[in-house]
Amino acid sequence: MQGYKHIVRVFALLCVLCVFVVKLNAQKNAKPVPPLYFHKGKLTYTPDSLNNRIPDFSYCGYKASEQVIPTLSIKVVVPVAKGDATIRIQAALDYVATLPVDANGFRGAVLLQKGIYEVFGQLRITASGVVLRGSGVNTTTIIGAGTGRLALIKIVGKNDIPKDMFGGKIKETYVPVGAMSFHVDSSIAFKEHSNKIIIRRPSTQKWINTLGTEIFGGGISSLGWKPGDRDLFFDRTITKIEGNTIYIDAPITTALDTTYGGATFYFYNNNGGRINNSGIENIKLSSAFDKTNLKDEDHRWNAINVENAEDCWVRQISFENFAGSAVSVLETSKRITVEDCVSKNPVSEIGGQRRYTFLTTGQQTLFQRCYAEIQF
């Protein structure tokens, strides 16, 4: 009987050992799971050990890429004429800005005819639902004439976000990349505040030291980052609140880690300062310059600036001879689409802060099907 029990024990041990060996071989032969892959026609994201995952960038662009960019009806046509066209084009833009918005938030488009328009000043779209449209990238040209580094066209609202915003501290020790929710102090009375929030991730000395950006070579520390220089701000909308958990409309793209200062959040109201549903399309934009100096910088720096705006667009534009950016989306703008644009022949010195052709410091910006020639 004892011998029989011994045989049974040995057999059971061998079975366990076989299972272990099979699992070990399976682990060795198993293919690593990629961080992003297609599964049944959909993108599937694999988180790491800290639950970080590649952010879902489908939230970028006009209307978070959930709606197509509209084609607004023409309200004013500006004919071609010799001389400075700044006042005539601006008057048309200002007139359309006075029209009532329709049910979709649109006013209408200003159409430029085939030909060349010289602009010695600056064109500004300052109201929602206004579009500046040309008759074709090969047939309508706006030349930024004269000298000076003024941007040629601006889509620009007002920055009316107060600096004394109320908020609180995010409670988690670690909020991973790609997260769309986080916990806050349960004592906050959410109903008393807006559903618009800004999440601030501080740039602490420890984070700067970890990145090695306190000195950029040569022992010149004045060029290095300082605490507060590189704070990150995520402009989001609250979609749901459950207890002390806040859910937001787009993922966080940098981890919020208490090791490097954690994060805070602030409520804010958009009181109409930030404009929307406006765009520039179907035009060639060019800057005049001193043709005897291929590094001339006394001419237009940027073609288009987008500032204090959301859900706006720049599409089907040809750019030529600018020193800085074809399109610059500033940090006060979000959900901007820039598509089907071509930039050639930049004119400037070769150095910092130049030729940043398609530049964004804003939020949820989508650049697609754009082409640039840097030409060193």
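The values are calculated or read from the model by the stated rules, or taken from the named source; none is laboratory data. Values in this document were obtained by computation on a predicted structure and should not be read as measured data. Heads up, the Cβs are rebuilt from the backbone with ideal geometry, glycines too, and the neighbour counts pull from every protein chain shown.
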Select from the range 118-135 the residues that are assigned to a strand (DSSP E or B), within 22 Å of S73 (Cβ to Cβ) and aliphatic (A, V, I, L, M) and list them in ascending order.
L123, I125, V130, V131, L132
Which one of these does A91 not meet: (1) without any contact (Cβ under 8 Å) to a residue 12 or more places away in the chain; (2) of a type in the set (A, V, I, L, M); (3) in contact with a Cys (Cβ under 9 Å, 6 or more places away or on another chain)?
(3)
Residue ID - surrounded by the fewest Cβ atoms within 10 Å (Cβ to Cβ), chosen from residues in the range 92-147 that are acidic (D, E) and touching a Gly at 6+ places or on another chain (Cβ under 9 Å)
D102
Contact list please: Cβ distance under 8 Å, first residue in the range 201-216 and assigned to a helix (DSSP H, G or I), second residue among the charged types (D, E, K, R), pairs at least six apart or on different chains.
Q205/E214; I208/E214; I208/K226; I208/R230
Confirm whether K240 is assigned by TED's automatic domain parsing to the domain that holds P202 and either surrounded by 14 or more Cβ atoms within 10 Å (Cβ to Cβ) or not in a loop (DSSP other than H, G, I, E, B) (or both).
yes
Can N277 be described as touching a strand residue (DSSP E or B) at 6+ places or on another chain (Cβ under 9 Å), in contact (Cβ under 8 Å) with a residue 24 or more places away in the chain, at positive phi and of a type outside the set (A, V, I, L, M)?
yes
For the range 51-73, enumerate the residues that are modelled with pLDDT under 95 and among the aliphatic types (A, V, I, L, M).
I54
The correct count of residues that are of a type in the set (F, W, Y), under 25 Å from T253 (Cβ atoms) and in contact with a strand residue (DSSP E or B) (Cβ under 6 Å, 6 or more places away or on another chain) in the range 322-361 is 1
Kindly establish whether V76 is modelled with pLDDT under 85, farther than 30 Å from I248 by Cβ and not in a loop (DSSP other than H, G, I, E, B).
no
State all residues of the range 292-342 that are of a type in the set (G, A, S) and assigned to a loop (DSSP other than H, G, I, E, B); if no residue qualifies, say none.
A303, A323, G324, S325, A326, S333
Restricting the search to the range 238-251, which residues are among the aliphatic types (A, V, I, L, M) and at pLDDT below 95?
I238, I241, I246
Consider only pairs whose beta carbons are under 6 Å apart and that are at least six residues apart or on different chains; among these, list those whose first residue lies in the range 297-322 and is more than 17 Å from N282 (Cβ to Cβ) and whose second residue is of a type in the set (D, E) and crowded, with 22+ Cβ neighbours inside 10 Å.
none
Considering only the range 137-185, state which residues are among the hydrophobic types (A, V, I, L, M, F, W, C) and closer than 30 Å to P346 by Cβ.
V137, I142, I143, A145, L150, A151, L152, I153, I155, V156
If I filter the range 33-52 down to residues being part of a loop (DSSP other than H, G, I, E, B) and among the polar types (S, T, N, Q), which single residue comes out as nearest to A255 (Cα to Cα)?
N52
Residue under question is E310, and the condition is that it be in the same structural domain as G134 (by TED's automatic domain parsing), out of contact with any Phe, Trp or Tyr (no Cβ under 6 Å at 6 or more places or on another chain), within 20 Å of A64 (Cβ to Cβ) and not basic (K, R); does it hold?
yes
I'd like to verify a number: residues in the range 307-353 that are more than 21 Å from T141 (Cβ to Cβ) and aliphatic (A, V, I, L, M), how many?
5
